[in-house]
1. Taking R0 as 35 Å, what's the FRET efficiency between SER368 and GLN236 from their Cβ-Cβ distance, rounded to 0.05?
2. Fewest to most neighbouring Cβ within 10 Å: what's the order for ILE327, ILE114, ILE200, ILE127?
3. Subtract the Cα-Cα distance of ARG286 and ASP352 from 0.36 nm times their separation in residues, and report this length gain in nm to one decimal.
4. Hey, rough spin-label estimate for GLN314 and SER341, points 7 angstrom out along Cα→Cβ, what's it come to in nanometres?
5. Starting from 0.36 nm per residue, how many nanometres of slack lie between ALA89 and THR326 once their C-alpha separation is accounted for?
6. May I ask which of LYS266/LYS330; LYS304/LYS339; LYS243/LYS267; LYS132/LYS339; LYS248/LYS330; LYS267/LYS304 have a Cα-Cα span longer than 21 Å here?
7. In what sequence, highest mean first, do 66-73, 358-365 appear when ranked by Cβ atoms within 10 angstrom?
8. Can you give the extra length, in nm with one decimal, that the chain gains between ALA163 and ASP105 once fully stretched, where that is 0.36 nm per residue apart less the Cα-Cα distance?
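Nothing in this text is a laboratory measurement; each read-out follows from the coordinates by a stated rule. Note that the structure is predicted; figures quoted are calculated from it, not measured. So basically every Cβ, Gly included, is an ideal-geometry build from the backbone, and we count neighbours across all protein chains shown.
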Amino acid sequence: MASCSRRISHLFGLAAALVALLSLVLACEASGSTVPRNGAGFVRTQGPRFVLNGSPFLFNGFNSYWLMHVAADPKERYKVSEVLRDASAAGLSVCRTWAFGDGGDRALQISPGIYDERVFQALDFVISEANKHGIRLILSFVNNYNDFGGKGQYAQWARNAGAHVNSDDDFYTHSTIKEKTAIKSRLLCFQVLVTRLNTITRISYRDDPTIMAWELMNEPRCQADYSGRTVNEWTQEMASFVKSFDRKHLLEIGMEGFYGDTMPEKKQFNPGYQVGTDFISSNLLRDVDFATIHAYPDQWLSGKDDKAQLVFMQRWMSSHWEDSRTILKKPLVIAEFGKSSRDPGYSLSARDDYMSNVYRITYGFARSGGTMSGSLIWQEWIRTTTDTLLS
């Protein structure tokens, strides 16, 4: 099999092209102070910015959701090491990845409250390797979708326990789901992850600055309540819970950026529909440290041409940057963006044009000061007969 290095060099190279520019912006804004890319300290927020060891912290990074899953097989761990090494060499300094796997293949949580130590040690390895290569991690707690379990698995576990569950969205409100998954009882799930003692580094997760932030959920959505109130109430409860035993790490929600009922006039920026979240109200919560958006106009505006998708993307990013600067007054991260190779008309040149535009807009906002603080390109593991790394 060809090395991961060769397969992702083009992807990371595109991101690396702007790292020097963004670092220069920071250096200017910091009045000549050194901007540390790594260091032993925790990343923190200072008003609308991230800071590290007293200096501004701006980053380019990437998503590799599959790291723990792959590392669960010791024979495949070299793939994790290669990706983190190559990302670091390209100047990327933050990686967002899954810290969940509920039921199914290589599950972290086999059943409610029962964990596979072998898979937990795989996550230990990921964190250890990230530290070795100077990469900070954003670790996500649970999935909105059925991949790797998700809220649907929690709902099924509740049904198995005899609870009446109307839909997967009962995940946010059903007392049995909360108790069976130990989210509310403070016995397992979030607490088990945050207080885990790494078997390699011998450092508790909550004491490890390699972890930049916790993410409550990958792309929370709620079809049962499009106003955003249900997810907002769940976010408030979960964020407060996590902060009750870990105030060293930052916390974000995992939202895509869809607007809800708090400011109805903002719904014009949504891609023609809602998903049951409210970007404004949820990110205003005290225990949420920074805001995130995702940007997939090729999927959200399927059938529209590249020009229309670019116009949407510019408005999407601009609106959220302005909200973060004037309303939230917190850092903003573009936590996912990419262009799917599965879409009709896909080409490498179209993908590169799209990504270059995202970086161009990000750079412009970062240069103007304020809240634009980082971007995370989507880098996906696609398993085929030959095992390939593609975006």
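1. Details: r = 32 Å, r/R0 = 0.90.
The pair SER368/GLN236 has a calculated efficiency of 0.65.
2. Details: ILE327 16, ILE114 9, ILE200 13, ILE127 25.
Result, fewest neighbours first: ILE114, ILE200, ILE327, ILE127.
3. Numbers: separation 66, 0.36 × 66 = 23.76 nm, distance 3.74 nm.
Gain in length upon complete extension: 20.0 nm.
4. Going by the 7 Å Cα→Cβ label model, 3.0 nm.
5. Numbers: separation 237, 0.36 × 237 = 85.32 nm, distance 3.56 nm.
Length gained, ALA89 through THR326: 81.8 nm.
6. On the way: LYS266/LYS330 18 Å; LYS304/LYS339 14 Å; LYS243/LYS267 31 Å; LYS132/LYS339 30 Å; LYS248/LYS330 17 Å; LYS267/LYS304 19 Å.
Too far apart for the 21 Å limit: LYS243/LYS267; LYS132/LYS339.
7. On the way: 66-73: 22.0, 358-365: 19.2.
Taking the mean over residues of other Cβ atoms within 10 Å, the ranking is 66-73, 358-365.
8. Details: separation 58, 0.36 × 58 = 20.88 nm, distance 2.52 nm.
Gain on stretching ALA163 to ASP105: 18.4 nm.
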